[in-house]
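Nothing in this text is a laboratory measurement; each read-out follows from the coordinates by a stated rule. Everything numeric here is computed off the predicted structure, so don't read it as measured data. When we count neighbours, we look across all protein chains shown, and the Cβ atoms used for this are built from the backbone with ideal geometry, even at glycine.
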Amino acid sequence: MSTDVGVREVTGPLDPADAVVGIIGVGDMGEGIANSLLRNGWTVLAYARRAGVLDAIVEQGARVAGTPADLAAGSDVVLVVVTDDEQVTAVIRQMLPHARPGTVFLVCSTVLPSTITSIADEARAAGTDVVDAGVAGGREKADLGLLTVMIGGEDGSVARCMPVIASFGANPFHLGPAGAGVAGKLVNNVLVGGTQALAIEAMRLGAAYGITEDRLTEIVTVSGGDSKVIRTWGRYDRVRRDFWPGRPRSEVYEYVCKDLRNAAVAGGQRKLVLPLISTAGQLLPSMFAERDALLADTDLDAIPRCSRCNQELSVTYRERGVHPECVFFDL
């Protein structure tokens, strides 16, 4: 199926009444973002290489582009939600010759800041632009339009995309020029990954002395060791289990730890040595493998979830049915 949208140049902030939002990379996060865009009235034009990937969003009203060239030619802004630096660079380069002047490529993938600055230079030479928009919150918040979005880019391009970003992001932060958004996302993911590593070891210590994980989360959530990882304990186990079904687990573990390694590389590019981040990136794949083996017979889907953000509730909050931060921020 191909689209029947006209070719025209749009200036100023985009409006769902007359703008087309393209999206390439409709996996777990991409599908959630597309759902929020459609719910907010945007015309969504999507491309995927594999048959059937787009069926769910087509049922919600999305249109399908036959090729990446068609996607670029028919969109005012193109969301890029592919998996890594190589794919981001490749798909934008493939679309650049077909994009009309003023098109913005909105990169939601977590990549190196240097990847963004490099491809942004190429895009500007072609009369288009790149804005990086690192997203945090997972598929649950993508579906609800509650993502945190860390943005890097030129002020005018960011302002133009902000109505689109607001449709899937409740917490947008413009952090600086191109590359600043993914730098902020790397900081967030380093803290998430590092906290997971420490929490898994801490839970093993507690278990060695006969203390259950529920009991430990109950203690920690009212103590100095509290964190989002602890308040949603069990979520990352479920997400890791469900990620990339059919793929070897070793590939999954390497992928979910790539941002720690990217952070170490990004630090090195600014002459920073980050030994704790580097060590966590090396150790976490094997730690995840050991934990998943331990949880093989655990029903992770039975853990109650927050009525606001739809993420797991550690035992402290199950009677209330909501995380305290979800109440505070009125999510």
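Which listed residue (60, 161, 151) has the Cα farthest towards the positive end of the charge dipole for the range 20-178, taking +1 on Lys and Arg C-beta and -1 on Asp and Glu C-beta about the Cα centre?
60
With point charges of +1 on the Cβ of Lys and Arg and -1 on the Cβ of Asp and Glu, referenced to the Cα centre of the range 36-131, which listed residue (45, 97, 130) lies farthest in the positive direction of the dipole?
45
Which order do the peptides 152-158, 83-89 come out in when sorted by mean C-beta neighbours inside 10 angstrom, highest first? Can you show the working numbers first?
Working: 152-158: 20.0, 83-89: 17.9.
The densest-packed peptide leads the list: 152-158, 83-89.
What's the angle, to the nearest 10 degrees (0 to 90), between helix 258-269's Cα axis and the longest principal axis of the chain?
Between helix and principal axis, roughly 70 degrees.
Whole number please: convex hull volume per residue of the Cα set in the chain, in Å³?
Details: hull volume 45.8 nm³, N = 331.
Residue-normalised Cα hull volume stands at 138 Å³.
Is there a quick way to get the dipole size of the range 20-178? I mean about its Cα centre, with the Cβ of Lys and Arg at +1 and of Asp and Glu at -1; what is the value in debye to the nearest 20?
Here the range 20-178 has a charge dipole of around 280 debye.
Give, to the nearest whole percent, the P(r) tail of the range 184-328 beyond 23 angstrom, counting all Cα pairs. List each step's numbers first, then the result.
On the way: 4144 of 10440 pairs.
The calculated P(r) of the range 184-328 puts 40 percent of pairs beyond 23 Å.
Where the Cα atoms of the range 6-78 are projected onto their three principal axes, how long is each span, largest first, in whole Å?
For the range 6-78, the Cα spread along each principal axis is 33, 25, 17 Å.
Let me know the Kirkwood hydrodynamic radius for the range 152-225, please, with Cα pairs as the basis and the value in Å to one decimal. Before the final figure, lay out each step's value.
Details: mean 1/r = 0.0651 Å⁻¹.
Taking the inverse mean of 1/r over all distinct Cα pairs, the range 152-225 comes out at 15.4 Å.
How big is the dipole moment of the chain about its Cα centre under a simple scheme where the beta carbon of each Lys and Arg is +1, that of each Asp and Glu is -1, and everything else is neutral? Debye, nearest 20, please. The partial results should precede the final answer.
Details: 31 positive and 40 negative charges, 78 e Å.
Here the chain has a charge dipole of around 380 debye.
Could you give each residue of the range 76-81 its phi-based ³J(HN,Hα) in whole Hz, using Karplus coefficients 6.51, -1.76, 1.60 with θ = phi - 60°, and x for Gly or Pro?
8, 9, 10, 7, 10, 10
Test of the criteria: in the range 154-226, which chymotrypsin sites (Phe, Trp or Tyr not before Pro) are in a DSSP loop and have at most 11 other Cβ atoms within 10 angstrom of their Cβ?
Working: sites: 168, 173, 209; in loops: 209.
When the chymotrypsin sites (Phe, Trp or Tyr not before Pro) of the range 154-226 are filtered for loop state and at most 11 Cβ neighbours within 10 Å, 209 remain.
Against the longest principal axis of the chain, how steep is helix 85-95, in degrees 0 to 90 to the nearest 10, with axes from Cα atoms?
20 degrees
Quick one: angle between helix 180-208 and the longest Cα principal axis of the chain, in degrees between 0 and 90, rounded to 10, please.
Orientation of helix 180-208: about 20 degrees from the principal axis.
Given q = 0.09, 0.17, 0.19 Å⁻¹, what are the Debye log10 I(q)/I(0) values for the range 20-178, with equal point scatterers placed on the Cα positions and solvent ignored?
-0.23, -0.90, -1.17
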